[in-house]
Amino acid sequence: MRLALPCLFLVLCVLSLLVGAKQVAWSELLSFSDDAWLTLTASRLPRLAALVLTGAGLSLCGVILQQIVRNKFVEPATCGGLDAAKLGILLALTLVPGAGATGRMLFALGFCLAASLLFVAIIRRIRFQNSVLVPVVGLMYGSVLSAIGEFYAYRHNILQSMQGWLLGDFSKIVQGNYEIIYLILPIVLLTYLYAQRFTVVGMGEEMASGLGLSYAATAALGLMLVAVTVSATVITVGAIPFVGLVVPNLLALQCGENLRRTLPLIVLCGASLLLVCDIIGRLLIYPFEVPIGLTAGSVGGVLFLVLIIWKHR
């Protein structure tokens, strides 16, 4: 797997650069055609960078949340994080319309962090006997936040536009309007540096305290990393569900729970999954495009059901 996965990732990257409404041939690139190189540098490369960073970031979010909550079925889409970020952006659009992308991201970050803290507090207070009930509660929690957001959008006459720009979509990614997603790069580095601590946090508060680790500080750091990643992703490309759920679980089944060893594989798998979903979306109704929020939601939903059946058979 350690050799096959990087090779698959490179193949998907090349396919992502070549697939699109406008055909880009190798002969045009080698002959330094201005039109082909403009398409590559202004659209295809930014889109590829956004896909890779989004897939890597959302996968890491899933890992961190699963260690903090100690439940394998948790990720931003199943704990209210994505819905809280969307609610924050809606409030920013109406309360501070001239804030720009950075201001909207700060609103999304604050709401996502607050919602994640509340979800963790609820889960720690209610001790569930069945692990599947945790994401069920998370989905209900997210549905409440989503309903509040939709009602708010309806009252302010932005419901139709909200449903359009919050659905995960990479078709509008071009040079100059995606760079905020590079915030995920330091998140990846910090997650790797703190991988051992997150592994210990996953053993429980008593075990972490017994090993001399500050459980509260590490959990707060993890939730902050998740909030930054989710807010940067939602403000740039919209909401993309299930990536952080299926990738860590599938790799845990194959490679175990040692995050220091599996994090590079999780990053590669998350990026590869999004690349596959994006390529499928570009080819299904070519030359038009299916938003990746739909393809990733469909693929992720099926894999989610498979994981539930696998865990409880």
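Taken together, the values in this text are just the output of simple stated rules run on the coordinates, not laboratory data. Predicted model, so just to flag it, every value in this text is computed and none were measured. In this analysis, Cβ positions are derived from the backbone assuming ideal geometry, glycine residues included, and neighbour counts consider all displayed protein chains.
Here the spin labels are modelled as points 7 Å beyond Cα on the Cα-Cβ line, and at GLN254 and VAL14 they lie 2.1 nm apart. Across the range 216-224, computed HN-Hα scalar couplings (Karplus, 6.51 cos²θ - 1.76 cosθ + 1.60, θ = phi - 60°) run 4, 5, 5, 5, 5, 4, x, 5, 5 Hz from first to last residue, x flagging Gly and Pro. State the answer as a single residue: which of PRO264, ALA219, LEU284 lies farthest towards the positive end of the charge dipole of the chain, with beta carbon charges of +1 for Lys and Arg and -1 for Asp and Glu, about the Cα centre. Sorting the options by dipole projection puts first ALA219. Across the chain, C-alpha contacts under 8 Å between residues 6 or more apart give a mean separation that, scaled by the residue count, equals a relative contact order of 30 percent. Estimated purely from DSSP H runs of n ≥ 4, each contributing -39500 (n - 2.57), the mean residue ellipticity at 222 nm for the chain is -24000 deg cm²/dmol once divided by its residues. The angle between the Cα long axis of helix 81-95 and the longest principal axis of the Cα atoms of the chain comes to about 70 degrees, rounded to the nearest 10.
This ranking places VAL120, VAL243 by how few other beta-carbon atoms lie within 10 Å of each, fewest first, which gives VAL120, VAL243. Each principal axis of the range 155-312 carries a Cα extent, and these read 56, 36, 34 Å when sorted largest first. Full extension of the chain between THR41 and SER214 yields a length gain of 57.8 nm, computed as 0.36 nm times the residue separation minus the alpha carbon distance. First check a/c for the range 96-237, with a ≥ b ≥ c the square roots of the eigenvalues of its C-alpha gyration tensor; if it is under 1.5, answer rounded, and if not, answer prolate when a/b is larger than b/c or oblate otherwise. Since a/c reaches 1.5 but b/c is at least a/b, the shape of the range 96-237 is classed as oblate. Taking amide H as placed 1.01 Å from N in the peptide plane, the amide H of PHE242 sits under 5 Å from that of ALA77, each at least 5 places away or on another chain. Placing a label point 7 Å from the Cα of LEU3 along the Cα-to-Cβ direction, the residues of the range 267-304 with a backbone N closer than 20 Å are 268-269.
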